[in-house]
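Visitor: Input: one structure, supplied below.
The values are calculated or read from the model by the stated rules, or taken from the named source; none is laboratory data. Every value quoted in this text rests on a predicted model; they were computed, and no experiment measured them. Quick reminder, even Gly has a Cβ in these numbers, built from the backbone with ideal geometry, and neighbours come from all protein chains shown.
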């Protein structure tokens, strides 16, 4: 059943994000501690790499997220128009709502050094891109958050459990509520 496959991909991507980020962060921390005399220089190097990893992450996330949203419009519009409309809406959403999410994720949930943030982004990209490439829909946000939590725990950064608890409840509701709402809407529409 397709729903079971989506749920399995969703759960697998969360586990891979957490574990991959935890293990890779430990490896990068080991390199930093044993091979770098200047920790500030090490972090400055990774702050420049963050630009590259951010591009890769957003490329894979938008490929996945726009693909998920545009799939609903394919039957109504040309596929290129569908993707363009969805990409435009995502860009507008980033401008309007992005700062709120940035504050929740980048400040209140966990603060990461550039090397740790780089790891979280690279691990997320390594998960999201292949899933999107083979057509398995998943949540890029869930993957990135689980990677950030894994990275935060590996570096012993303070992970705000209250914020992550709110995220966890929201994730479960974001999977259940749209399904319930869709059933309700279709049921009402069928009455007419």
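Visitor: Confirm whether residue 122 is closer than 30 Å to residue 33 by Cα and at pLDDT 90 or above.
Guide: Numbers: closer than 30 Å to residue 33 by Cα: yes; at pLDDT 90 or above: yes.
So residue 122 fits the description; yes.
Each row is one residue, and each column tells you yes or no for (1) at positive phi; (2) outside any loop (DSSP other than H, G, I, E, B); (3) touching a helix residue (DSSP H, G or I) at 6+ places or on another chain (Cβ under 8 Å).
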site: 87; (1), (2), (3): no, yes, yes
site: 92; (1), (2), (3): no, yes, no
site: 97; (1), (2), (3): no, yes, no
site: 106; (1), (2), (3): no, yes, no
site: 115; (1), (2), (3): no, yes, yes
site: 132; (1), (2), (3): no, yes, yes
site: 137; (1), (2), (3): no, no, yes
site: 142; (1), (2), (3): no, yes, yes
site: 170; (1), (2), (3): no, yes, no
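Visitor: Hey, another quick one. With the requirement that a residue be over 21 Å from residue 10 (Cα atoms) and in contact with a helix residue (DSSP H, G or I) (Cβ under 8 Å, 6 or more places away or on another chain), what does region 62-75 give you?
Guide: Step one: of region 62-75, the residues over 21 Å from residue 10 (Cα atoms) are 73-75.
Within region 62-75, 73, 74 meet the criteria.
Visitor: Checking residue 126 against (1) more than 13 Å from residue 17 (Cα to Cα); (2) assigned to a helix (DSSP H, G or I); (3) under 15 Å from the mean Cα position of the chain (by Cα), which test does it fail?
Guide: All conditions are met except number (1).
Visitor: Output the qualifying pairs, or none if there are none: Cβ atoms under 7 angstrom, residues six or more apart or on different chains, first residue in region 151-162 and closer than 7 Å to residue 112 by Cβ, second residue modelled with pLDDT of 90 or more and loosely packed, with under 11 Cβ neighbours inside 10 Å.
Guide: That search, which allows pairs on different chains as well, returns nothing.
Visitor: Further question: Test residue 179 against the stated conditions and say whether it is loosely packed, with under 13 Cβ neighbours inside 10 Å and not assigned by TED's automatic domain parsing to the domain that holds residue 23.
Guide: On the way: loosely packed, with under 13 Cβ neighbours inside 10 Å: yes; not assigned by TED's automatic domain parsing to the domain that holds residue 23: yes.
In short, yes.
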